[in-house]
Amino acid sequence: MKSAEDLSQAMEEYADMVRRICFVHLKNRHDTEDIFQDVYLKYLLSGISFESSAHEKAWFIRVTINACTDYLRYLSRRKYVPLEVLSEESDSLDSTSSEILETVLKLPEKYRNVIYLHYYEGYSALEIAGILRKKENTVYTWLSRARELLKEELGGEWA
């Protein structure tokens, strides 16, 4: 079990990243906060010791993605479809950022993940492959396909 000091340090370091990953998957603030709490509870209760800060960050990414996926599976079994889709969150962005965000959120999950990890977290394809437990070439293919989908939707605005 982690100490309060460990938890506080981890929250300072990774809270924004965990929230962003949750929001990319869940698309609303309330579910994001629920999963955020679950991720940090898992961290608090885990006895794992990390080799480095990169290992710890990768652990948070993997656990967050898994928690979001599990939650979405739970919702799909319940035949529940959330009515809120970015309405209050997208109001705070300028129109271009809002359009890009909405388009990214419409991508299939595998493309959403690689776009987020590459462009927002700055991971290379090799690092993303390790995090997602996929082959590096698969990640390159997904990035390429995601870029094409974004280019089509945004009318060539995506670089």
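Just so you know, all these numbers are worked out from the coordinates, no wet-lab data involved. On a predicted model such as this, the values are computed, not experimentally measured, just so you know.
Figures for the structure shown
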| read-out | value |
| --- | --- |
| Across LYS27/LYS110; LYS27/LYS106; LYS106/LYS135; LYS110/LYS151; LYS110/LYS135; LYS110/LYS134, pairs whose alpha-carbon gap is larger than 21 Å | LYS106/LYS135 |
| Stokes-Einstein D in µm²/s, Kirkwood radius over Cα pairs - segment 1-52 at 25 °C with 0.890 mPa s viscosity | 212 µm²/s |
